[in-house]
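Notes for the one structure printed next.
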Amino acid sequence: MCSNYQRTKAYRSYVEEFTHIRLPLRFPEPHAAPNLEPQPEVRPTVTAPVFRRLEDGVEMVSARWGSVHKTGTDIR
């Protein structure tokens with residue numbers, strides 16, 4: 001089983017796509033946009049952008065990507 005993925009979009013693309021589906025990106029503000037370098041391979045335990053639904057839009061945060069074992073412990 002593989003849980004790798006790639007992230008190549010710029011922050012502005014995310015803003016446009018969420019706006020298109022009427023879910024505005026609430027954080028960070030467009031003028032404080034992060035410099036999202038392309039990540040050709042995001043593997044478990046690597047920090048990457050994650051989008052979470054809010055009542056009034058979507059929030060972007062950085063989080064470690066990976067799986068959680070059925071016992072609740074990290075898989076390393």
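Only one entry in Pro44, Pro34 is closer than 19 Å to Arg64 by Cβ and at pLDDT 80 or above, namely Pro44. Taking the residues in segment 8-31 that are at pLDDT 85 or above and of a type in the set (D, E, K, R) as candidates, determine which candidate is surrounded by the fewest Cβ atoms within 10 Å (Cβ to Cβ). Of everything passing the filter in segment 8-31, Arg22 is surrounded by the fewest Cβ atoms within 10 Å (Cβ to Cβ). Filtering segment 47-75 to residues that are modelled with pLDDT under 85 and of a type in the set (Phe, Trp, Tyr) leaves only Trp65.
The values are calculated or read from the model by the stated rules, or taken from the named source; none is laboratory data. Computed from a prediction, not measured in an experiment: that's the story for all the values here. Glycine gets a Cβ as well: all are built from the backbone with ideal geometry, and neighbour counts include every protein chain shown.
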